[in-house]
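The values are calculated or read from the model by the stated rules, or taken from the named source; none is laboratory data. Please read all numbers here as calculations on a predicted model, not as lab measurements. We place every Cβ from the backbone using ideal geometry, glycine too, and count neighbours over all the protein chains shown. We work out accessible area using only protein heavy atoms, side chains counted, and drop any ligands, DNA or RNA first. Shrake-Rupley method; radii C 1.70, N 1.55, O 1.52, S 1.80 Å.
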Amino acid sequence: MSEPYFTIGQLAQLFDVEVPTLRYYDEIGLLKPAHVDVKTHYRYYATAQFERLSTIKYFRALGLSIAAIQDFFAARELPKLTKMLQEQQAEVRQQIETLQAIDQRLDNRLTQVAQAQSAPLGVCEVVTLPKRPMVYLQQPYTASDDIELVIAKLRAQYGLTQSVFLGKISFSLPLAALNAGAYTQYDGILLVFEPGDQLPAQQQVLVGGTYLQVVFRGTHTQAGPYYEQLLATCHEQGYQLRGPALETALIDYGITDHVEQSVTRIQIPINA
């Protein structure tokens, strides 16, 4: 061997690449050594392999797949390089959008948990809410029914295979049930979308405006007294109900195994 050669270990150290990775590159023909000792089977690399390995590392740093890199080296030409980088850029931008949506969901969830923990419990408040995109499934439901089955029906009806349901499902309690004191006779469920969510082609709008709300520690089974409190407040203040109540579990069994940590919110649209 007249020219300087480098063992696989030396090459790995020079380029900060794992030895098994270099062996793999050799096996698939991506980076063949300059010389292999026929007796010891030791691999030796020359400086001619340095540029190729640098190019491979550059492409890998850009997130390109091994298959794409092999395809490039199979016919090294500028148009192919341009096309490969453009395709990778489009994929990266899509990944950025996905990560931004995930970041938004995380922020939404952290805000919701913080609000659930800091909200004044058992206090009726008048709040103003914006209109929000949502989907609705008319489905009679009681607190003893299996909510997961109902959610599955909602998911199937609107093709929501990628949607995140945790903390965004609300039960709809119609005015007739409110007036009759039947506080567990829900007539449907809603999935209210947040920024960062992928919206389905079919969607409705949850009307905004003035709502009377109360947040309490407990689950749907403990909601009765708080409906009574909301209705009493409406009577005392002269508020008129203008739609069904929305009951949302802000913190439930999907988040904690401790029932005493559950937090539920009821909102009723009113004309104040």
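State which residue is farthest from Val127 (Cα to Cα) when the search covers only the stretch 210-248 and only residues that are of a type in the set (Val, Ile, Thr) and part of a strand (DSSP E or B). Walk me through how you get there before you give the answer.
We begin by selecting, within the stretch 210-248, every residue of a type in the set (Val, Ile, Thr); these are 210, 214-215, 219, 221, 233, 248.
Then keep just the ones that are part of a strand (DSSP E or B); that gives 210, 214-215, 248.
On the way: Thr210: 6, Val214: 10, Val215: 12, Thr248: 15 Å.
Checked the stretch 210-248; the qualifying residue farthest from Val127 (Cα to Cα) is Thr248.
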Where a residue in the stretch 81-98 is on the phi > 0 side of the Ramachandran plot and its partner, wherever it lies, is modelled with pLDDT of 85 or more and part of a helix (DSSP H, G or I), with Cβ under 9 Å and at least six apart: none
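Test Ala182 against the stated conditions and say whether it is assigned to a helix (DSSP H, G or I), aliphatic (A, V, I, L, M) and without any contact (Cβ under 8 Å) to a residue 24 or more places away in the chain.
On the way: assigned to a helix (DSSP H, G or I): no; aliphatic (A, V, I, L, M): yes; without any contact (Cβ under 8 Å) to a residue 24 or more places away in the chain: yes.
It is false that Ala182 is assigned to a helix (DSSP H, G or I), aliphatic (A, V, I, L, M) and without any contact (Cβ under 8 Å) to a residue 24 or more places away in the chain.
Working carefully through the options Val126, Val150, find the one that is of a type in the set (A, V, I, L, M, F, W, C) and assigned to a strand (DSSP E or B).
Details: Val150 fails: assigned to a strand (DSSP E or B).
Unique residue meeting the criteria: Val126.
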Single condition Tyr42 does not satisfy, out of (1) open to solvent by less than 90 Å² (accessible area, probe 1.4 Å); (2) out of contact with any Leu (no Cβ under 9 Å at 6 or more places or on another chain); (3) among the hydroxyl-bearing types (Ser, Thr, Tyr): (1)
Residues located in the stretch 5-47, provided they are among the aromatic types (Phe, Trp, Tyr) and either within 21 Å of Ile66 (Cα to Cα) or in a loop (DSSP other than H, G, I, E, B) (or both): Tyr5, Phe15, Tyr24, Tyr25, Tyr42, Tyr45
Complete set of residues in the stretch 53-91 that are at pLDDT 85 or above and outside any helix (DSSP H, G or I): Leu62, Gly63, Leu64, Ser65
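Within the stretch 15-39, how many residues are open to solvent by 60 Å² or more (accessible area, probe 1.4 Å), free of Cβ contacts under 8 Å to residues at least 24 places away in the same chain and not basic (Lys, Arg)?
Qualifying residue count for the region: 7.
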Filtered residue count, the stretch 109-140, keeping only those that are surrounded by 15 or more Cβ atoms within 10 Å (Cβ to Cβ), among the aliphatic types (A, V, I, L, M) and farther than 14 Å from Ile266 by Cβ: 4
